[in-house]
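One structure is given below, encoded as structure tokens.
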């Protein structure tokens with residue numbers, strides 16, 4: 001019976017003894033856990049936590065471990081013990097975060113990117129915080145907590161001890177003051193940063209900014225000011241000692257800073273594209289003018305993508321994992337969107353090879369029209385009837401392209417049919433008049449033309465007119481034809497030449513007591529020549545110039 005009582009008394013004592021956490025320095029996980037665990041409110045034992053530091057007096061070690069814990073809390077860093085190695089022989093094979101990439105060492109850094117100087121290392125069979133970490137704890141602490149409340153705490157102890165709902169009253173007051181300072185900083189820094197950017201840009205580029213450039217500069221100044229304010233907030237957050245909120249606040253501030261940096265780079269690229277367009281507006285081809293916006297869109301996507309990957313790392317995702325995922329994802333997307341990749345390559349080939357310019361009149365496959373836009377995926381061609389054709393760029397680079405816009409001259413051939421009863425001298429004078437019209441036409445190549453009597457057709461005598469127009473596009477060509485056609489009609493009407501058309505004419509040459517119905521032509525060669533000279537003089541005086549604005553294709 002006594003043994004049974006003894007057993008009941010001993011079991012709780014054994015359980016209590018087993019529940020006591022002991023100092024364990026056998027591996028990186030155990031050492032870091034020992035440091036953190038014995039500084040928690042429910043298990044506070046600073047002496048056991050100080051066992052993770054060697055080589056210095058115990059009192060100084062206690063101060064160091066407390067400061068290191070406060071640094072981690074102030075920066076919102078939480079150790080994920082599921083990722084901390086438990087291998088007593090763990091070897092660092094990466095060297096991530098180290099300035100000197102020493103690898104294959106028995107050491108482990110829980111936050112290699114944000115706090116590379118804080119790490120544990122193996123000494124003998126145990127793991128301790130490294131000598132470098134111990135030496136730099138004070139420096140890291142001062143950098144983490146730029147504002148110390150010791151002076152105010154000593155002079156206003158009651159205020160600093162007063163709490164509301166479990167929170168010290170000075171903390172929300174400090175937050176309100178910080179917000180007011182941030183608002184004041186914005187209104188002070190925004191005009192200053194804009195002034196500096198404007199003047200620095202003027203000196204750098206040696207030119208006065210246009211209104212568009214000034215607008216972009218002002219848009220650039222704002223996110224720069226926001227970045228400065230966010231950095232100010234990030235510096236003050238640890239000093240507010242919001243331990244339970246620091247992880248959330250620090251992460252949120254770092255995300256905001258990343259977003260503002262993305263915005264800054266986007267505005268810088270927009271400014272660069274705008275400056276390039278202004279500087280080379282008159283020096284580049286029409287297709288080159290579209291290249292800068294396209295490159296801007298590509299860089300826009302790259303910046304946003306890199307920013308997104310950086311935000312993932314802020315949530316604790318390993319950068320190597322992010323890069324590997326991005327690479328594998330990129331390959332998967334490339335396979336899934338082969339057509340889009342082909343079109344993108346086709347776009348690059350078009351801009352490098354330049355088979356046409358914007359507004360050129362082209363024939364691509366079975367599509368004919370004016371090139372309106374070259375995009376990432378397709379080329380837009382506007383037909384003569386204003387129909388819009390979109391041709392994939394991968395197809396454009398494979399098909400035969402007839403660029404009529406690159407023609408030096410536009411050849412135009414037609415035949416004029418005059419009546420069979422037109423006298424030869426009148427036909428000859430008519431042909432000479434047409435030649436003179438061609439020579440006087442402002443848009444024809446006056447050295448190369450043909451005006452010849454070429455055919456006895458079924459119901460007409462055909463005169464071939466072959467000319468070459470110096471017209472840069474389809475619309476100007478049509479306007480040039482209009483001037484030529486009207487001049488020929490006026491010439492024919494003035495000298496009495498009639499054009500033939502399919503018809504059947506029954507003529508009674510002579511009736512008793514009536515005049516003949518046969519057409520009467522003027523056969524006086526001098527009179528015909530005089531009339532031709534008169535119409536040429538009138539044509540030359542009119543100086544038929546073609547207005548490019550009135551010769552456009554509708555909708556282009």
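Below are the figures for this structure:
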| read-out | value |
| --- | --- |
| Segment residue 180-residue 305, length gained on full extension (0.36 nm per residue, minus Cα span) | 41.6 nm |
| Additional length obtainable on full extension of the chain from residue 466 to residue 452, 0.36 nm per residue less Cα span | 4.2 nm |
| Whole-Å semi-axes of segment 22-88's equivalent ellipsoid (Cα gyration tensor) | 18, 15, 11 |
| Whole-angstrom gap from segment 252-273 to segment 339-386, using each part's C-alpha centre | 33 Å |
| Residues 386, 34, 414, 133, sorted so that the one with the fewest Cβ neighbours within 10 Å comes first | 386, 414, 133, 34 |
| Linear extension gain, residue 147 paired with residue 459, 0.36 nm per residue minus alpha-carbon span | 101.8 nm |
| Inter-label distance for residue 192 and residue 540, nm, one decimal - labels placed 7 Å from Cα along Cα-to-Cβ | 7.6 nm |
| Compactness relative to 2.2 N^0.38 Å, alpha carbon Rg of segment 20-144 | 0.98 |
| Ranking of 524, 359 by count of other Cβ atoms within 10 Å, fewest first | 524, 359 |
| log₁₀ of I(q)/I(0) at q = 0.11, 0.12, 0.18, 0.22 Å⁻¹ - segment 337-460, Debye sum with one point per alpha carbon | -0.59, -0.64, -0.91, -1.17 |
| Ranked list, fewest to most other Cβ atoms within 10 Å of each Cβ, for 388, 536 | 388, 536 |
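Values in this text are rule-based calculations from the coordinates and carry no lab data. Quick caveat: nothing in here was measured; it's all calculated off a predicted structure. Glycine gets a Cβ as well: all are built from the backbone with ideal geometry, and neighbour counts include every protein chain shown.
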